[in-house]
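Enquirer: Right, I'll just put the structure down here and ask away after.
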Amino acid sequence: DFRVKARKNPSISLPVMLLDRIFVADQSHPLPVGDPEEPKGTWRLVDGKWVPIERSSVTFDTKTYVTVVLATSYIDWTNWQLSSIPGLGTLSLETFWGEQGAWIALCEMEPDESVKAYFLEANLEPMKGSSSPRSSTVYNEDDAERAQEEMVVAGDEQSKAVGHPSSEEEEEVTRKRTAYDSSDIDEEDLSEWVPTERDWLRSPTEGLNGANGLNSEEVARVKKIEMALDEPEPGTMKGLRHSLSGDLLAYEDEDMEPQPDKLPRRISRRSVMTLTLPWYLRTSAGQLWWCISVEGWPLCWRRDHQISRLCEAVEPGKAQLLRSGTSIQDMETARRRATALLCELDPVLLDEFIRMDVGLTKLLPSIDSGWIGVVESEGRIVERKVSLGEARPSDAVLRTGARVVSKSAVLRSAADAAGRGSYLTDLGSMEDMPLALRWKSDTGSRSWMDRPQAYFSEDFFVGLSRAKASRTTIADAPAVTVQTPQRQFVFLMRSAEEANRWVSMLKMQASPSPAAAMPTLWKDRLRRWPINRLVCNDFELFLDKEDQDPLALSAKLLRLAVSLQGCSADEVEPLISLSCKLKCVDLTPLEPQDLWCFWVNVYHSLLVQSLIVCGRPRNVRHLISFYNNCSYLVGGHIFSLAELEHLVLRSQMAKASARLMNLLVQVWRRDDREFEERPAFRAPYNPSSNFRCRPDWRLNLVLCAGNLASSSRLPVFDKMSAAAFDALMSKTMEHFLGAAGRLEKKPMQLPYVLYRFRQDAPGPPTEGHERRWATALAPILGDVDRIAYRSSYNWTMRERLDLM
């Protein structure tokens, strides 16, 4: 029972008589008892031998010794995890119980399920020795130093008082629990140690060791920028600048210059309200830098612990605000919470905090070291070691982005291919070779299904035979955009010279290719949503800051999608680019009617675009996958066709039958907090009400599923008056009834969807649903004495969909 509200703790209860093995004896006997290879059953000890008996003969009294055995290969109490679960592999028990132990009790129950008496109670506590897995919490240097000092002092005192640990203590420390083992994830896919790029995940007792041999100079340079000096006199403005800005004043005489003091710096209260954190940077040394943007002022970058101190100045107790987790959604939660606090800053304090100019170009390494900034998603920049090598035939599947690299054999092949390549500056002799960019990306626990302390590592392969390179600017830093048929990639450099050199090199390597095929949808490598999703609008990053009308955008997108049916891949590119603008829409200004219209337009746009890109489903298995996996990113969140219908449009209407939902529909349910605080990338704030439409029974005759059981024409909703809206709805419903129903029959047969959602029929519940539908549809059907429904739902997809 996992109903936490109903009971104090989750529980699992089962009768003793249903356990695997029961051993009955008239005297005590040594344990363990029985043969593990024996089948389930019941035995009695007779003359020193266990004799099988009927389970019904077992009685519980004060004279009989009863031993019960519950054997399972799926629970590993030592490592505190579920193991070898079909379809799941290994799953940490902390997913269900947190860090609390398991309480096992043998008791007698009353008929009302209350406990009458306890016969046995036992507590199983998780083993937490010093060698337990690394914590996934992010720490700063101050915390690390304090932890190191406390650990040394405590260790000295313990050594003096106790001496060397006993064998029992050593055994206890050895029995550590790990979140996952090789039965769940390949060794190449899940590292047992934290890689260099993820040193920011190490606990304070391990420290931060990002200075590897290949990048030590760059690490030292960035470390020098943020290194703190001794704290000056408290209470002075200089002390405030030192404590909050990371003591950057020590480097005014070097390459870091403060903002020009000759310009009047008067940040107003209104300017403070415009503060945002548009980007964050993960360096190869594990440092986390946040970009601060204030309207009318240059961008500046500060370390995460400096931002935390500033949040602490606004509201005490928020010092660890930016260290709440490791997943992409956790980072977005920290971004939103920190932004809300920083907007309450005193203007003078903010002015002092952002006075020192720390630009992104000063944090990025030189491409000569092989490390460059990779824009992995909106608002996220990570330093990766990118190499350019020969594209091998074995990389073809990987370059399409059609699947996630996780198999050992493929990874070994990828590693061999990457090893034969060279860095970007050594490619003068490779002009005639088909090339591919390669880099390794790593992620923490899955954001959509938590896997504590699990680190995934995957290789990126980007073929350049049809790639287009161009220059752009990201966060005031020179950037290079590489456009492939599968996706757009953006790389950041320290200087414009390095960016130009990269563009010229990539353009020199590009080669003509045959006629373009329909692009394969890119699978998400950051594990922000279920891995089987096919996202139709994640082709390029949305970096446009201009405000846009969401309803007008959805209407334009639907018209374009319908007009491009049957077109080639090159002609579909404008549709894919336009749909990417849905990723960061702000739905807050929309009225309830406009919000409803927006989501209907989005559903039909996704339907048509999925048919164009993925093709028409031909069988039931493909149909189920089509509706459950083809998705759009809207307002920072992912929605499949099934989720748009059942979680957004029908959120306040009658639910589909349990049989339909269990067999055909697979949706990712999210609560209000996830919608408001945990987007998959940087996106405008949308309250959870923006993802739930008002109820309208007419939706049943407006929403088109693209099959023969629904309409063949799609309405396009623009900004319109209530009267124009009702007129378009009536026209759409009339066509739906004629296309999916049989109005010429006696009695008239309505579309099967009205029977499936018959509870949506308006009218008094005392009347039957047939009469209520007849009354509601009277303006279209006229006076009807008796109606019926189509006997089945035809899932066959239509060849083409047109507009009303």
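Enquirer: Out of (1) touching a residue at least 24 places away in the same chain (Cβ under 8 Å); (2) in a loop (DSSP other than H, G, I, E, B), the odd one out for Arg669 is which?
Expert: Of (1) touching a residue at least 24 places away in the same chain (Cβ under 8 Å); (2) in a loop (DSSP other than H, G, I, E, B), only one is false for Arg669: (1).
Enquirer: Related question: Does Ser651 meet the test of being among the hydroxyl-bearing types (Ser, Thr, Tyr) and either in contact with an Asp or Glu (Cβ under 6 Å, 6 or more places away or on another chain) or without any contact (Cβ under 8 Å) to a residue 60 or more places away in the chain (or both)?
Expert: Criteria met by Ser651.
Enquirer: Can you find a residue that is assigned to a helix (DSSP H, G or I), in contact with a Ser or Thr (Cβ under 6 Å, 6 or more places away or on another chain) and open to solvent by less than 50 Å² (accessible area, probe 1.4 Å) anywhere in region 643-652?
Expert: No, region 643-652 contains no residue that is assigned to a helix (DSSP H, G or I), in contact with a Ser or Thr (Cβ under 6 Å, 6 or more places away or on another chain) and open to solvent by less than 50 Å² (accessible area, probe 1.4 Å).
Enquirer: What number of residues within region 267-298 are within 30 Å of Ser441 (Cα to Cα), open to solvent by 10 Å² or more (accessible area, probe 1.4 Å) and touching a Ser or Thr at 6+ places or on another chain (Cβ under 7 Å)?
Expert: So the count comes out to 3.
Enquirer: I'm told Gly741 meets every condition in (1) at pLDDT below 95; (2) surrounded by fewer than 17 Cβ atoms within 10 Å (Cβ to Cβ); (3) not acidic (Asp, Glu) except one. Can you identify the failing condition by its number?
Expert: So the condition that Gly741 fails would be (2).
Enquirer: Also, I was wondering about something else. Go through Leu587, Leu595 for me and flag whichever is assigned to a helix (DSSP H, G or I) and either in contact with a helix residue (DSSP H, G or I) (Cβ under 7 Å, 6 or more places away or on another chain) or without any contact (Cβ under 8 Å) to a residue 60 or more places away in the chain (or both).
Expert: Criteria check complete, one pass: Leu595.
Enquirer: Still on this structure, please answer the following. Here are some residues: Pro684, Pro747, Pro765. Which one is touching a Cys at 6+ places or on another chain (Cβ under 8 Å), surrounded by fewer than 21 Cβ atoms within 10 Å (Cβ to Cβ) and either modelled with pLDDT of 90 or more or not small (Gly, Ala, Ser) (or both)?
Expert: The unique qualifying residue is Pro684.
Enquirer: Residues that are in contact with a Cys (Cβ under 6 Å, 6 or more places away or on another chain) and either open to solvent by 50 Å² or more (accessible area, probe 1.4 Å) or not charged (D, E, K, R) (or both): does region 770-793 have at least one?
Expert: no
Enquirer: Are any residues in region 343-361 in contact with a strand residue (DSSP E or B) (Cβ under 8 Å, 6 or more places away or on another chain) and outside any loop (DSSP other than H, G, I, E, B), and if so, which ones?
Expert: Listed by number, the residues that qualify are Phe353, Met356, Leu360, Thr361.
Enquirer: Out of (1) out of contact with any Cys (no Cβ under 7 Å at 6 or more places or on another chain); (2) closer than 23 Å to Thr588 by Cβ; (3) not aromatic (Phe, Trp, Tyr), the odd one out for Leu649 is which?
Expert: If we test Leu649 against (1) out of contact with any Cys (no Cβ under 7 Å at 6 or more places or on another chain); (2) closer than 23 Å to Thr588 by Cβ; (3) not aromatic (Phe, Trp, Tyr), just (1) comes out false.
Enquirer: Can you work out which of the residues in region 28-74 that are farther than 19 Å from Leu106 by Cβ and among the polar types (S, T, N, Q) is most open to solvent (accessible area, probe 1.4 Å)?
Expert: Taking the candidates together, the pick is Ser56.
Enquirer: For region 693-711, give me each residue that is open to solvent by less than 30 Å² (accessible area, probe 1.4 Å) and farther than 15 Å from Met729 by Cβ.
Expert: Of everything in region 693-711, those that are open to solvent by less than 30 Å² (accessible area, probe 1.4 Å) and farther than 15 Å from Met729 by Cβ turn out to be Ala705, Gly706, Asn707, Ala709, Ser710.
The values are calculated or read from the model by the stated rules, or taken from the named source; none is laboratory data. From a predicted model like this one, the values you see are computed outputs, not experimental measurements. Virtual Cβ from ideal backbone geometry, glycine too; neighbours counted across all protein chains shown. For the accessible areas, the whole protein counts, side chains as well, though only heavy atoms, and no ligand, DNA or RNA atoms are used. Shrake-Rupley method; radii C 1.70, N 1.55, O 1.52, S 1.80 Å.
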